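Report on one structure; see the data block that follows.
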Amino acid sequence: MTRAKPLPLVGLGAGSLLALLAILLSLASSEVLKTARYDDCSRQADLIAQRFDFALRERLQRLAARGERPDEVAAAWWVDQEGAVLRRRPAAAPEPPGPLLAVALRRGGEERALDDGARAAHWIPAHRLANAPEGAQGALVLWDAAVVRARLLSPLLDAGTDYRVALLRGGETAAELGFRPRGVGRPSPPFASWQIGVGLADSGATRRALRAQAWLLAGLSAWLFLVLAGSIGLHLRRERARERARGERERFLARAAHELQTPLALLRAAAESIRGGAVREPDDLRRCVDIVLREEERLTRTVRRLLKHLRREVDPDAPLELGDLAEEVERVCADHRAALAAQGLRLEWRLPGAGSSLSGPRELLGDALAEFLGNARKHARGATRIRVELSAPRADCARLVVADDGSGPSTSPDFGGDEVPGGAEGGLGLVLVREGVQAAGGKLSLGKAAEGGLEVVLELPARAVS
């Protein structure tokens, strides 16, 4: 018997590598995803710093063009070259901070960003101002850091993101901000000494999401292992099934060869005896002719069964020939009654009552019954009577029982195994019967008959016909 082929090493190695990579990825996923989120915070911080500078510039242009004070501006003073206040917004604004004003007036013709470490301001020269008071040198704009932090930054975040942003002066804690900054961007003057911090809005949700992703990857690795193990198991099961099929095929061929060789050998011996002149007497010649006819019939029957078996293998779904099962039982019993009587065996058969019949796989039932009777004639030790009974235990089933009153077979036959009653000579027929019954959806079993001998029970799908 040939050995099973080894597992494909390439497929096994690839599957193991994929499973290992999935496990390593699940172990490193939390840190990798966390780092990716923090890097995204840094990118958001740089982007918001650029948007923040643009927003400040837009508000300065509004103040210069319209004279309107944006909410983010704490106060604005229009002053002359001596520093005297010509206009202030709001009207109740205090005097401008002297240090910032002095720095602005040194280069009064240039726009400048001012930062004394505690306050952030802008100087807008007069030529950039619309509707400026006569004699104005420019306008000093003082930013309200609290309003800038509260109202200007949050709208700069991309819609739908789960980040938070704050303008950091330094020293703020995560508890005060409500989040921990993970990315920092630096705006342009006058807020150059400040920082724009971006962090995760809900770090707990992020941790839960990371944990869920890690579990997902761990589940994926487990699934890959299961798929790999299942594939290996399926491969091994298929290999074992192929080995069993190969073994059954070899045993089947051995039985077929034996079944065909025996009648061929007898035919050859009879033919050579006649041709060689060894048989001269009419009685001897008649016996040789009887041998030829008997073995020819046996050979024809065997070849016919083999052809049926091959047709079933080629087309397992081919419909079976249906017919009256009672007529088939009566025909086969009538054909075998004389041969059984010659060996001292009385054949009795019982059929369903008049007025009803069973329709089913007639040819299969006839072959099976002929095989059972042939084996009983050869191997029913000490038997004097053979009972054949056809019945319908259910509406969709026909049951055929063949029993004898002998002492039973010398071994414990089993139609489901490799050995069948009758040895090698009768084994092929029973194997063909067994496979035909299984293909038809029937059932074949052996047991001890009430008469004491062997009982064979065959069940086939059938239907009652009135």
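The values are calculated or read from the model by the stated rules, or taken from the named source; none is laboratory data. Since the structure is predicted, the reported quantities are computational estimates derived from the model, not experimental observations. Quick reminder, even Gly has a Cβ in these numbers, built from the backbone with ideal geometry, and neighbours come from all protein chains shown.
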Among (1) at pLDDT 75 or above; (2) closer than 30 Å to ASP116 by Cα, the one test that LEU177 misses: (1)
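Please verify whether the stretch 304-323 includes one or more residues that are at pLDDT 80 or above and either touching an Asp or Glu at 6+ places or on another chain (Cβ under 8 Å) or in a strand (DSSP E or B) (or both). So that I can check it myself, show each step before the final result.
To start, the set of residues in the stretch 304-323 that are at pLDDT 80 or above comprises 322-323.
Applying the additional criterion that residues be either touching an Asp or Glu at 6+ places or on another chain (Cβ under 8 Å) or in a strand (DSSP E or B) (or both) yields 322-323.
Yes, the stretch 304-323 has at least one match.
Restricting attention to the stretch 64-78, does a residue exist that is over 30 Å from LEU157 (Cα atoms), touching a Leu at 6+ places or on another chain (Cβ under 9 Å), modelled with pLDDT of 90 or more and in the same structural domain as ALA132 (by TED's automatic domain parsing)? Give the steps one after another, and end with the answer.
Taking the stretch 64-78 as the starting set, the residues that turn out to be over 30 Å from LEU157 (Cα atoms) are 77-78.
Retained after the next criterion (residues that are touching a Leu at 6+ places or on another chain (Cβ under 9 Å)): 77-78.
From what is left, the residues that are modelled with pLDDT of 90 or more are 77-78.
Those left that are additionally in the same structural domain as ALA132 (by TED's automatic domain parsing): 77-78.
Within the stretch 64-78 (the criterion being over 30 Å from LEU157 (Cα atoms), touching a Leu at 6+ places or on another chain (Cβ under 9 Å), modelled with pLDDT of 90 or more and in the same structural domain as ALA132 (by TED's automatic domain parsing)), the answer is yes, since at least one residue qualifies.
Restricting to the stretch 432-459, count the residues that are of a type in the set (A, V, I, L, M, F, W, C) and part of a helix (DSSP H, G or I). Working first, answer last.
Residues of the stretch 432-459 of a type in the set (A, V, I, L, M, F, W, C): 432-433, 437, 439-440, 444, 446, 449-450, 454, 456-458.
From the residues that got through so far, the ones that are part of a helix (DSSP H, G or I) too are 432-433, 437, 439.
Residues flagged as of a type in the set (A, V, I, L, M, F, W, C) and part of a helix (DSSP H, G or I) within the stretch 432-459 amount to 4.
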Residue list for the stretch 116-165, filter: farther than 22 Å from LEU200 by Cβ and within 52 Å of the chain's Cα centre (by Cα): none
Selection count where residues are on the phi > 0 side of the Ramachandran plot and surrounded by fewer than 16 Cβ atoms within 10 Å (Cβ to Cβ), scope the stretch 372-410: 1
Number of the condition not met by GLU296 [criteria: (1) assigned to a helix (DSSP H, G or I); (2) modelled with pLDDT of 75 or more; (3) of a type outside the set (A, V, I, L, M); (4) touching a Ser or Thr at 6+ places or on another chain (Cβ under 8 Å)]: (4)
Selection status of LEU444, under 23 Å from LEU253 (Cβ atoms), at pLDDT 80 or above, buried (at least 18 other Cβ atoms within 10 Å of the Cβ) and out of contact with any Asp or Glu (no Cβ under 7 Å at 6 or more places or on another chain): yes
PRO282, sole failed condition from (1) without any contact (Cβ under 8 Å) to a residue 12 or more places away in the chain; (2) within 59 Å of the chain's Cα centre (by Cα): (2)
Selection count, the stretch 253-305, where residues are within 20 Å of GLY436 (Cβ to Cβ) and polar (S, T, N, Q): 2
Of the criteria (1) out of contact with any Leu (no Cβ under 9 Å at 6 or more places or on another chain); (2) farther than 19 Å from GLY429 by Cα; (3) loosely packed, with under 14 Cβ neighbours inside 10 Å; (4) acidic (Asp, Glu), which one GLU321 fails: (1)
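Residues in the stretch 262-281: is at least one in a helix (DSSP H, G or I) and at pLDDT below 75? Before the answer, list the steps.
To start, the set of residues in the stretch 262-281 that are in a helix (DSSP H, G or I) comprises 262-275.
Keeping just the survivors that are at pLDDT below 75 gives 262.
For the stretch 262-281, residues in a helix (DSSP H, G or I) and at pLDDT below 75: present.
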Test for VAL198: is it β-branched (Val, Ile, Thr) and in contact with a strand residue (DSSP E or B) (Cβ under 8 Å, 6 or more places away or on another chain): yes
Unmet requirement for GLY360, which otherwise passes all of (1) part of a helix (DSSP H, G or I); (2) surrounded by 13 or more Cβ atoms within 10 Å (Cβ to Cβ); (3) under 54 Å from the mean Cα position of the chain (by Cα); (4) not β-branched (Val, Ile, Thr): (1)
Identity of the residue in the stretch 55-82, buried (at least 17 other Cβ atoms within 10 Å of the Cβ) and in a loop (DSSP other than H, G, I, E, B), that ends up farthest from the chain's Cα centre (by Cα): ASP80
Evaluation of ALA132 against (1) crowded, with 18+ Cβ neighbours inside 10 Å; (2) free of Cβ contacts under 8 Å to residues at least 40 places away in the same chain; (3) over 27 Å from LEU168 (Cα atoms) (one fails), failing number: (2)
Hits in the stretch 194-215 - residues which are modelled with pLDDT under 80 and either surrounded by 12 or more Cβ atoms within 10 Å (Cβ to Cβ) or more than 43 Å from the chain's Cα centre (by Cα) (or both): LEU200, ALA201, ASP202, SER203, THR206, ARG207, ALA209, LEU210, ARG211, GLN213, ALA214, TRP215
